[in-house]
């Protein structure tokens, strides 16, 4: 499987013979490079410009915007309800993201070289925790 980060919460996941998934496509009005992606399945975590620009993704067969169990092209997705931004502000969930350097420090790492994507194969899986820093696809 190949995982590519496109900015904010937008990732593309693809595997040969399976549906391509795009998560949280962002609006081009946010100042990031416009998305030029095609997907069979698009997930939207919440209704905000950084997460819901579904019309910018070509080829979609299914858009998941809420809870439930879904399947497209041998990809199984369980959608769960998320706290809204207002709920998170009022203590119903995390409301601030830490820096990458703080996360790496918490993981006992100093610095990582950013990678363009993550390719996962069964033979390369490990029982130990691994950290990979993805660079944004431009």
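Readers should treat all values here as calculations from the given coordinates under stated rules, not as data from a laboratory. Because the structure is a prediction, the values reported are computed rather than measured. As a convention, Cβ positions derive from the backbone with ideal geometry for all residues, glycine included, and neighbour counts pool all protein chains shown.
Could you work out how far the C-alpha centroid of the range 108-122 sits from that of the range 1-76, in angstrom?
When both Cα centres are located, 21 Å separates them.
What is the calculated FRET efficiency for residue 115 to residue 18, with r their C-beta to C-beta distance and R₀ = 25 Å, to the nearest 0.05?
Once rounded, the FRET efficiency stands at 0.70.
Can you tell me which of 33-41, 120-128 comes out highest on packing, and rank the rest after it, using the mean Cβ neighbours within 10 Å?
Working: 33-41: 16.7, 120-128: 6.4.
Answer by packing, highest mean first, reads 33-41, 120-128.
I'm spelling it out carefully: the read-out is Kirkwood radius over Cα pairs in Å, the candidates are (i) 17.4; (ii) 15.9; (iii) 16.7, and one was derived from this structure. Which label?
Matching the structure shown: (iii).
Please build a GNM for the chain, connecting alpha carbons under 10 Å apart, and tell me which residue among 98, 50, 79 fluctuates the most.
Of the options given, 98 has the highest mean-square fluctuation.
Test of understanding: what is the full-extension gain from residue 54 to residue 80, defined as 0.36 nm times their sequence separation minus their Cα-Cα distance?
Values: separation 26, 0.36 × 26 = 9.36 nm, distance 1.86 nm.
Gain on stretching residue 54 to residue 80: 7.5 nm.
Can you work out the PRE-style zone for residue 132? Point 7 Å along Cα to Cβ, and I want the residues of the range 7-22 with backbone N under 17 Å.
Flagged as within label range: 7, 10-16, 21-22.
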